[in-house]
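See below for the structure under consideration.
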2 protein chains.
Amino acid sequence: MLIRDATAADWPAVWPFFRTVVRAGETYTYPRDIDEPAARASWMLEPPGRTVVAVDASGTVLGSAKMNPNHLGGASHIASASFMVDPRYRRRGTGRALGEHVLAWARAEGYRAMQFNAVVETNTGAVALWRSLGFTIMTTLPEGFHHPAKGYVGLHIMYQQL
Amino acid sequence: MLIRDATAADWPAVWPFFRTVVRAGETYTYPRDIDEPAARASWMLEPPGRTVVAVDASGTVLGSAKMNPNHLGGASHIASASFMVDPRYRRRGTGRALGEHVLAWARAEGYRAMQFNAVVETNTGAVALWRSLGFTIMTTLPEGFHHPAKGYVGLHIMYQQL
């Protein structure tokens, strides 16, 4: 698996699984009916943000991550990131590889911490992965997320100093 | 004191104290060198956001608040808000009146919670005010804010269910 900067030519490969995951509405705080231009604008970042794709040996896009400052001004040393793995290619370590890549980027860019603003507590695979990569659940906003099947569930804020 | 919707004609009264407070860099996560167009774009919100001003009997703008969804999609029932009081008119209850107004707005709009993402822990007056209005410090991001005089200090995330 290779992780490299995303280009405009990668978006047509990302959008179908982005749409699938966001339409399901179980794990992300994007509008579930987001259209393609809005999705592209939110995902394909310009500096100081950055977007990468994870590709396999044949060039197939397995997943993507974006990374960016979480705050501005006096808190601009805190980074954020988001991750999307194609459901067809789960359980290949793509999320972990993207997470490790993003943490390395944040350290190299001089960020002092990374904060995830909204990790749905029922997304237990992601929660376990981020914990294994050093993140702590700082708090859980009660009833912070409305899950389509489970109703109101908690929304974790996860953080680690770098 | 009257709290009413802000119009474009109010911005010239807001910008000088917005600039003063943001340049001081002690309490907000705006870029300290933010220019006037960027400040106006970030403060004067369109629906579903809203911006208000607090004015005295002579029409002088004492302070302003903006309110908006904090998240989208499955967490769009969480509101956020920001407050700015002219330092020349502190200790008149403007912050409290704006806070009460914003909470009433959020309830009326059907939000189920309000979350403040970045309350600098050394801004003790604001922390005490928000606590008195029902907010809880959910967590404090260690070294989350770089204070120009005090160095790295904590950044509170405050929340209340409505």
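The values are calculated or read from the model by the stated rules, or taken from the named source; none is laboratory data. Note that the coordinates shown come from a computational prediction; the quantities given were computed from them, not determined experimentally. No Cβ is skipped: glycine too gets one built from the backbone with ideal geometry, and neighbour counts run over all protein chains shown. Please note that ligands, DNA and RNA were not included when accessible areas were found on the heavy atoms of the full protein model with its side chains. Shrake-Rupley method; radii C 1.70, N 1.55, O 1.52, S 1.80 Å.
Given an 8 Å cut-off on Cα distances and at least 6 residues of separation, report the relative contact order of the range A:64-162 as a percent.
25 percent
Note down the accessible area of A:ARG90, probe 1.4 Å, to the nearest 10 Å².
Estimated to the nearest 10 Å², A:ARG90 gives 140 Å².
Run down the lysines and flag those whose C-alpha is under 22 Å from the C-alpha of A:LYS66, throwing out any fewer than 8 positions away in its chain.
none
Percent of accessible area on chain B owned by carbon and sulfur, 1.4 Å probe?
Numbers: 3570 of 7120 Å².
The nonpolar share, carbon plus sulfur, comes to 50 percent.
Which of B:ALA81, B:PRO31, B:TYR159 sits closest to the plus end of the dipole of the protein assembly as shown, meaning its Cα is farthest towards the positive end, when Lys and Arg get +1 and Asp and Glu get -1 on the C-beta?
Farthest along the dipole direction, towards plus: B:TYR159.
Can you check what the net charge comes to around B:LEU62, using other residues whose Cβ is under 13 Å from the Cβ of B:LEU62 (Lys, Arg +1; Asp, Glu -1)?
Counting the neighbours of B:LEU62, the net charge comes to +3.
Restricting to the protein assembly as shown, compute how many DSSP beta bridges are antiparallel as a %, nearest 5.
Around 95 percent of the beta bridges assigned by DSSP in the protein assembly as shown are antiparallel ones.
Work out the length of the dipole vector of chain B about its Cα centre, built from +1 on the beta-carbon of each Lys and Arg and -1 on the beta-carbon of each Asp and Glu, and round it to the nearest 20 debye. If you can, show how the numbers build up before the last one.
Working: 16 positive and 13 negative charges, 73 e Å.
Charge dipole of chain B: 360 debye, to the nearest 20.
What does the net charge come to around A:THR94 if you take all other residues with beta carbon closer than 10 Å to its beta carbon, with K and R at +1 and D and E at -1?
Summing Lys/Arg as +1 and Asp/Glu as -1 gives +2.
Using a 10 Å cut-off on Cβ to Cβ distances, tally the other chain neighbours for every residue of A:139-152 and report the average as a whole number.
Across the residues of A:139-152, the mean count of other-chain Cβ atoms within 10 Å is 4.
Could you sort A:TYR152, A:TYR28, B:TYR159 by accessible area so the largest value comes first, with the probe set to 1.4 Å?
Result of the area sort, largest leading: A:TYR152, A:TYR28, B:TYR159.
Over the protein assembly as shown, with the other protein chains present, what is the accessible area per residue in square angstrom, probe 1.4 angstrom?
Ligands and nucleic acids excluded, the result is 44 Å² per residue.
Taking the Cα centre of the range A:95-162 as origin, sum charge times position over the Cβ atoms of Lys and Arg (+1) and Asp and Glu (-1), and report the length of that vector in debye to the nearest 20.
Details: 5 positive and 4 negative charges, 25 e Å.
The dipole magnitude comes to about 120 debye.
Rg(Cα) of the protein assembly as shown divided by 2.2 N^0.38 Å?
Dividing the Cα Rg of the protein assembly as shown by 2.2 N^0.38 Å gives 1.03.
Report, in debye and to the nearest 20, how large the dipole of the protein assembly as shown comes out about its Cα centre when Lys and Arg carry +1 and Asp and Glu carry -1 on their Cβ.
Charge dipole of the protein assembly as shown: 520 debye, to the nearest 20.
Kindly compute the accessible surface that chains A and B hide from a 1.4 Å probe when together, both sides summed, and give it to the nearest 100 Å².
2300 Å²
Can you give the accessible area of A:SER58, probe radius 1.4 Å, in Å² rounded to 10?
Rounded to the nearest 10, the figure is 90 Å².
What's the center-to-center distance, using Cα atoms, between the range B:1-70 and the range A:100-155 in Å?
31 Å
Which whole-number percent of Cα pairs in the range B:2-161 have a distance greater than 19 Å?
54 percent
Please compute, for peptide A:28-41, the average count of beta-carbon atoms on other protein chains lying within 10 Å of each residue's beta-carbon.
That works out to 2 on average.
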